[in-house]
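What follows is a set of notes on a single structure, which appears directly below.
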Amino acid sequence: MKPIVIGNWKMHLTPSEARVFLRDFMANPEVFERADVTLCPAAPVIPVVADALRGTAVHWGGQNAHWEAQGAFTGETSMAMLADLGCTLVLCGHSERRRFAHETDADIARKVEQTLAHGMIPVLCVGETYEQRRQQQQDVVVIEQVRKGVNLLSAFPSLALYVAYEPVWAIGTGQTIEPADATAMARLIRSTLREVLPTGADSIPIIYGGSVTPLNVSSFVDGDAISGVLVGGSSLNPVAFHQLIAQLV
Ligand code: PGA
């Protein structure tokens, strides 16, 4: 399987900045044939990214969408809108949305379900805070987030789903987890998926996120427990992000 690399641009890069990014990023496209790369721009930037990437090996996705099909939800984006723009995946339950938008595990389960229902891949994001790890609660917290996040999937015959393990204290801080601890958590996530899903748990890729850089990326992706990375800060610079991907292929 090709390594998975997802760039989460968060609330960075305007449409004009994205055009400049893409010109530099796509200058040497060979590397994209050997990795499964997806860019997740802010919603208003998706059409620009889609236009530039259509026909290339690089995909694009959404950072978030609402679970309702449509309606009076000012400021929200629907799954159908993302699907219509050609998005292949949607981040569900990123820790910043859990914190700033007060998303609950029940909300996130609906987003995961609706992403699949719209033919896109949900990337269920889970991870403990610093305080939870300090109190050695990380396993309990992550097991609970995984169990609840996949709660509504029994009707789906095949699960094109990713799980991203992102310790909250490692996101945007430059602090990274020991690769062995990330691997241990990925194994715990796998065994939780096996318990709660009737079939298909073994084919769900588990990826790592949290201060991943071109220098440390290879230590996280072992081709066994961890199949790829979710990258924030290092995905904003086209040269650095290209280098990061090149480390894995
Ligand atoms: P970071 O963000 O790479 O800047 O730590 C990762 C993420 O939030 O997905």
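The values are calculated or read from the model by the stated rules, or taken from the named source; none is laboratory data. Everything quoted here is computed from the prediction, not taken from an experiment. Every residue, glycine among them, receives a Cβ derived from its backbone with ideal geometry; neighbour counts consider all protein chains shown. These area figures cover heavy atoms from the full protein model, side chains too; ligands, DNA and RNA do not enter into them. Shrake-Rupley method; radii C 1.70, N 1.55, O 1.52, S 1.80 Å.
Can you name the condition, by its number, that Trp9 falls short on among (1) surrounded by 20 or more Cβ atoms within 10 Å (Cβ to Cβ); (2) in contact with a Phe, Trp or Tyr (Cβ under 8 Å, 6 or more places away or on another chain); (3) of a type in the set (A, V, I, L, M, F, W, C)?
Single failed check for Trp9: (2).
Evaluate the range 64-72: report whether one residue or more is assigned to a helix (DSSP H, G or I), open to solvent by 70 Å² or more (accessible area, probe 1.4 Å), at pLDDT 95 or above and not basic (Lys, Arg). Talk me through it step by step, then tell me what you get.
Narrowing the range 64-72 to residues assigned to a helix (DSSP H, G or I): none.
Scanning the range 64-72 turns up no residue that is assigned to a helix (DSSP H, G or I), open to solvent by 70 Å² or more (accessible area, probe 1.4 Å), at pLDDT 95 or above and not basic (Lys, Arg).
Write out, first by first residue and then by second, each pair whose Cβ atoms fall under 6 Å of each other, whose residues are 6+ apart or on separate chains, and whose first residue, in the range 33-54, is within 17 Å of Leu248 (Cα to Cα) while the second is open to solvent by 50 Å² or more (accessible area, probe 1.4 Å) and not acidic (Asp, Glu).
Arg34/Val249; Ala35/Lys2; Ala35/Val249; Asp36/Lys2; Thr38/His59
Search the range 202-237 for residues being farther than 23 Å from Asp24 by Cα and within 11 Å of the ligand (Cβ to nearest atom), and hand back the single one that is surrounded by the most Cβ atoms within 10 Å (Cβ to Cβ).
Among them, the one singled out is Tyr208.
Would you kindly identify the helices (runs of 4 or more DSSP H) lying entirely within the range 94-174 that contain at least 2 residues that are more than 16 Å from the ligand (Cβ to nearest atom), open to solvent by 20 Å² or more (accessible area, probe 1.4 Å) and touching a residue at least 40 places away in the same chain (Cβ under 8 Å)?
105-117, 138-149
In this structure, is Ala184 more than 16 Å from the ligand (Cβ to nearest atom), among the aliphatic types (A, V, I, L, M) and farther than 25 Å from Arg99 by Cβ?
No; evaluated as a whole, the condition is false for this residue.
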